[in-house]
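Asker: Got a structure here, written out as structure tokens. Questions coming.
The values are calculated or read from the model by the stated rules, or taken from the named source; none is laboratory data. From a predicted model like this one, the values you see are computed outputs, not experimental measurements. Positions of Cβ are generated from backbone atoms using ideal geometry, with glycine treated the same way; all protein chains shown enter the neighbour counts. In case anyone asks, the SASA skips ligands and DNA or RNA and just uses the protein heavy atoms, side chains included. Shrake-Rupley method; radii C 1.70, N 1.55, O 1.52, S 1.80 Å.
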Amino acid sequence: MSNRTEPIRSVKGTRDLLPRETALWQRVEDEARRVFAAYNFREIRTPILEQTALFARSVGADTDIVTKEMYSFEDHQFGDLEKLKERIHTSKTEIVIPSYPGSSEFVAISNLGPFQNDVDQFVQSIQHPLEVGDIPRTPGNLEAIRALTEHRDKLRHLVESGIPANLALVPHTAGLIQRLAGQIELGVVLTLRPEATASVVRAYIEHTMYNEGGIHKLYYIGPMFRRERPQKGRYRQFFQIGAEVLGSDHPTIDAEFLEMLVLLLARVGLTEYKLLLNSVGCPKCRPAFVEVLRQALDTVKDQMCGDCQRRAVTNPLRVLDCKVEADQPIIENLPHIIDHLCAECRTHFDHVTKELGERSVQYVITPRLVRGLDYYTRTTFEMTSNVLGAQNAFLGGGRYDGLSEMLGGPPTPGFGVAIGEDRLLLMVEQAATLKADDALDVFVAWMGDAAQQPARQLVKTLRQEGLRVESNYEAAKLKKSLGQASKQGARFAVIIGEGELASGRYQVKDMAAAQQVEVERNQIASYLKEKLQKGSH
Ligand code: HAM
């Protein structure tokens, strides 16, 4: 019998990025930071945890992300209250009422006593934390607690009266109490961010960045969380490299931004992709189009998938997003939002496309592109690549001129992108044009105790000069040290033994060329730097 402890594995849909991968990730991130800097973007770092309400309001309460994919929890310290709430919420009270009026003989209520006790205890225990604000004093909570208390009293009255007509009302009242208990939030409901645009705009409002005036250009790199079905290029924790411009609705912003993305992709060695472009209009022209779409869907929705049938009623634009094969020919024939834009949106879009032409940015107008988040207005875009398989969009974004107001801020037009970094890396690996810069520059191999101190000194100097350096930690034979050097991919090895100590000239071996030269020990750093073409840091 084995008593080996079962190892704990990483959470489904999350993954470890090991050093052989992170080197390339860093390289890509470095290139992104450089391009962002060139376009005058600055970094913003917002928390990974946000109030759930932020995403419900911005991404949209009935989008897939908010209804199905968020990791949310109530943040509180009331374990006992939570159990009590759960028990009230799920307990079963049964009542058998008399079969003929006027008789109470057949009345039986099971489990009602403990239920009432639980409710009493709950109402009592909640008072203090509510008073001091440890339980959120939201209008929803205050109302639910008020109503719960009222129905608790009513329940007692009904039961104590013993009148069959009253007892008949017990199940309904108990049911109400159960529902109300379920509505009470013992803490603020938090969510692991599924995207960061909402967070950036929240921060912009919270720190009154709009008071500084002008245009704000912000970027971020970090993990996002969505509870999706994991597959190639789709994870539950994934990374985005995102950028947002706040404070202008000028179409030049859109065009320049897309030009920047093309440059960024070129910098990481990517040229094979498609830029899909659309306009989703504005609150002025979209409602009329949604009506046109709804009418068009009326005649065909019965032939479509269940999701589409539902969306045709609740959110017709989402139908355009459907990936079900059989629905595609139907969707192709639906009206195009781009043909229903108001004059302002049309002019805006025409300006964007004209400028993209002038900036030599190629694009494909894709009338179906409506995106899966509710905050978009006007320009929307995605980029897709054939190397990615089913999850072929490696970035997406657009304009969101109303988002700041949706979040309680001043009117502030916005435009932005999020690049799916995991997918971008799949493409970069596939293209194999970008190299990670993590090979060892120098291995300092020393032999004999007398060489240890001079070797340490040299290692320190080389590292201060910004070279990546390793050495043997214990005395070792030259062959073994050189073996280590080549295993770690060192470009050079410096060899220090008795002879080298005596002459003050160390052997410098070019590992790839298998050539060896003697270099004056004070010259080694500059010699290697020149050979490696590295500047000092
Ligand atoms: P999004 O289209 O939801 O937009 O996500 C952007 C990109 O993130 C996608 O194109 C995809 O590459 C990547 N992505 C999304 N979900 C996953 C996943 N489960 N696994 C791996 N990669 C994924 C947004 O998030 C918006 N905030 C973009 C934006 C910024 N719009 C304006 N500003």
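Asker: Return the long-range amide H neighbours of MET511 (sequence gap of 5 or more, or a different chain), with a cut-off of under 5 Å between placed amide H atoms.
Answerer: PHE492, ALA493
Asker: Give me the distance in nm between label points sitting 7 Å out from Cα along the Cα-to-Cβ direction at SER125 and ALA168, one decimal.
Answerer: 3.6
Asker: Whose amide H sits under 5 Å from the amide H of ARG378, counting only residues 5 or more places off or on another chain, with H placed in the peptide plane?
Answerer: Placed amide hydrogens put VAL280, GLY281, CYS282 under 5 Å from ARG378.
Asker: Sticking with this one: Counting only C-alpha contacts under 8 Å and six or more residues apart, can you give the relative contact order of segment 442-535 as a whole percent?
Answerer: 30
Asker: Right, here's the next one. So what is the relative contact order of the chain, in percent, for Cα pairs below 8 Å that sit 6 or more residues apart?
Answerer: 15
Asker: Applying a 10 Å radius around every beta-carbon, put 10-23, 501-514 in order of their mean neighbour count, most first.
Answerer: Descending mean neighbour count gives 501-514, 10-23.
Asker: Which angle from 0 to 90°, rounded to the nearest 10, does the C-alpha axis of helix 449-464 make with the longest principal axis of the chain?
Answerer: Roughly 60 degrees, rounded to the nearest 10.
Asker: Contour minus end-to-end for ASP62 and LEU17, with contour as 0.36 nm per residue of separation and end-to-end as the Cα-Cα distance?
Answerer: Extra length from ASP62 to LEU17 when fully extended: 12.9 nm.
Asker: Suppose each label sits 7 Å from its Cα in the direction of the beta carbon; what would the ARG4-GLU325 distance come out to in nanometres?
Answerer: Going by the 7 Å Cα→Cβ label model, 4.2 nm.
Asker: To continue, here is another question. With each pseudo-label sitting 7 Å past Cα toward Cβ, what's the GLU518-GLN183 distance in nm, one decimal?
Answerer: 9.0
Asker: Pairs to check: LYS477/LYS531; LYS83/LYS232; LYS274/LYS354; LYS460/LYS509; LYS12/LYS274; LYS217/LYS274. Give those whose C-alpha atoms are more than 28 Å from each other in this structure.
Answerer: From LYS477/LYS531; LYS83/LYS232; LYS274/LYS354; LYS460/LYS509; LYS12/LYS274; LYS217/LYS274, over 28 Å: LYS83/LYS232; LYS12/LYS274.
Asker: Let me ask something else about it. Of the GluC sites (Glu not before Pro) in segment 460-532, which ones lie in a loop per DSSP and count no more than 13 other C-beta atoms within 10 Å?
Answerer: Here the sparse-neighbourhood loop sites are GLU474.
Asker: Give me the 1.4 Å probe accessible area per residue for the chain, excluding ligands and nucleic acids, in Å².
Answerer: 52
Asker: Which of the trypsin sites (Lys or Arg not before Pro) found in segment 398-457 are in a DSSP loop and have at most 11 neighbouring Cβ atoms, other than their own, within 10 Å?
Answerer: LYS435
Asker: When the dipole is taken about the Cα centre of segment 235-300, and only Lys, Arg (+1) and Asp, Glu (-1) are charged at their Cβ, what size is it in debye, to the nearest 20?
Answerer: I would put it at about 220 debye.
Asker: Report the extension gain between ILE215 and GLU143 in nm, rounded to one decimal, defined as 0.36 nm multiplied by the number of residues separating them, less their alpha carbon distance.
Answerer: 21.7 nm
Asker: List the residues whose amide H sits under 5 Å from the amide H of VAL188, counting only those 5 or more places along or on another chain, with H placed 1.01 Å from N in the peptide plane.
Answerer: Here the answer is ASP75, since their amide H atoms fall under 5 Å of that of VAL188.
Asker: How large, in percent, is the carbon and sulfur part of the accessible surface of the chain at a probe radius of 1.4 Å?
Answerer: On the chain, the fraction of accessible area on carbon and sulfur atoms equals 50 percent.
Asker: Let me ask another. With only Lys, Arg, Asp and Glu charged, each at its Cβ (+1 for the first two, -1 for the last two), find how big the charge dipole of the chain is about the Cα centre; round to the nearest 20 debye.
Answerer: Dipole size: approximately 1420 debye.
Asker: Restricting to DSSP H runs of at least four residues, report the calculated mean residue ellipticity at 222 nm for the chain, -39500 (n - 2.57) per run over all residues, nearest 500 deg cm²/dmol.
Answerer: -13000 deg cm²/dmol
Asker: Note the angle between two axes, namely the Cα long axis of helix 421-431 and the longest principal axis of the Cα atoms of the chain, as a number of degrees from 0 to 90, rounded to the nearest 10.
Answerer: Computed tilt is about 40 degrees.
Asker: Compute the acute angle (0 to 90°) between the alpha-carbon long axis of helix 19-38 and the principal axis of greatest extent of the alpha-carbon atoms of the chain; round to the nearest 10°.
Answerer: 80
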